[in-house]
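Trainee: Got a structure here, written out as structure tokens. Questions coming.
The values are calculated or read from the model by the stated rules, or taken from the named source; none is laboratory data. Values in this document were obtained by computation on a predicted structure and should not be read as measured data. A quick note on method: Cβ atoms are made from the backbone with ideal geometry, for glycine too, and the neighbour counts reach across all protein chains shown. All accessible areas refer to the heavy atoms of the entire protein, side chains included, with ligands and DNA or RNA removed. Shrake-Rupley method; radii C 1.70, N 1.55, O 1.52, S 1.80 Å.
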Amino acid sequence: MGSTFYPELVLLLRKAGCTFVRQGKGSHEIWYSPITHKNISVPFTIQSKPTANAILKQAGISEKL
């Protein structure tokens, strides 16, 4: 298994004020974005940079990995 983008993604989410809500199903976590006022699903096994950037976009964060 290759490296994951999870640690970098979590740093950007926390920097933007997002908070961990709960553990989701399987390898997913649920995070809340105060920017969009929505919950987003974040897999901790994420290995795709485009997917990580899509999660940041869902959270309303313009920064990219």
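Trainee: Which of 45, 9, 24 sits farthest toward the positive end of the charge dipole of the chain, with +1 on the Cβ of Lys and Arg and -1 on the Cβ of Asp and Glu?
Mentor: In the chain, that residue is 24.
Trainee: Taking the simple approach of a point 7 Å from Cα along Cα-to-Cβ for both residue 11 and residue 25, what is their distance in nm?
Mentor: Each label point is offset 7 Å from its Cα along the Cβ direction, giving 3.2 nm.
Trainee: Normalised by the empirical 2.2 N^0.38 Å for globular proteins, what value does the Cα Rg of the chain take? Write out the running numbers ahead of the final one.
Mentor: Working: Rg = 10.8 Å, N = 65, 2.2 N^0.38 = 10.7 Å.
Ratio of Cα Rg to 2.2 N^0.38 Å: 1.00.
Trainee: What lysines could a cross-link reach from residue 57, if we take a straight Cα to Cα line under 20 Å and drop same-chain neighbours fewer than 8 places away?
Mentor: Cα-Cα hits under 20 Å: 15, 38, 49.
Trainee: Excluding residue 4 itself, calculate the net charge of residues whose Cβ lies under 14 Å from the Cβ of residue 4, where each Lys or Arg counts +1 and each Asp or Glu counts -1. Don't jump to the answer; show the numbers that get you there.
Mentor: Working: positive: 49; negative: 8, 29.
Overall, the nearby charge balance is -1.
Trainee: Next question. Using helices alone, I'd like the mean residue ellipticity at 222 nm for the chain: each DSSP H run of four-plus residues gives -39500 (n - 2.57), total over residue count, nearest 500.
Mentor: Details: 2 runs with 20 residues, N = 65.
Calculated at 222 nm, the ellipticity per residue is -9000 deg cm²/dmol.
Trainee: Percent of accessible area on the chain owned by carbon and sulfur, 1.4 Å probe? Intermediate results must be reported in sequence, preceding the final value.
Mentor: Numbers: 2310 of 4040 Å².
So the carbon and sulfur contribution to the accessible surface is 57 percent.
Trainee: Give me the net charge for the shell around residue 48: Cβ to Cβ below 14 angstrom, other residues only, Lys and Arg +1, Asp and Glu -1. All intermediate terms of the calculation are to be shown ahead of the outcome.
Mentor: Values: positive: 49, 57, 64; negative: 8.
Here the charged neighbours net out to +2.
Trainee: Still on this structure, I have one more. Contact order normalised by length for the chain, with contacts defined as Cα pairs under 8 Å and 6 or more residues apart; what percent is it? Present the calculation step by step, with values, prior to reporting the outcome.
Mentor: Working: 96 pairs, mean separation 21.1, N = 65.
Once normalised by length, the contact order is 32 percent.
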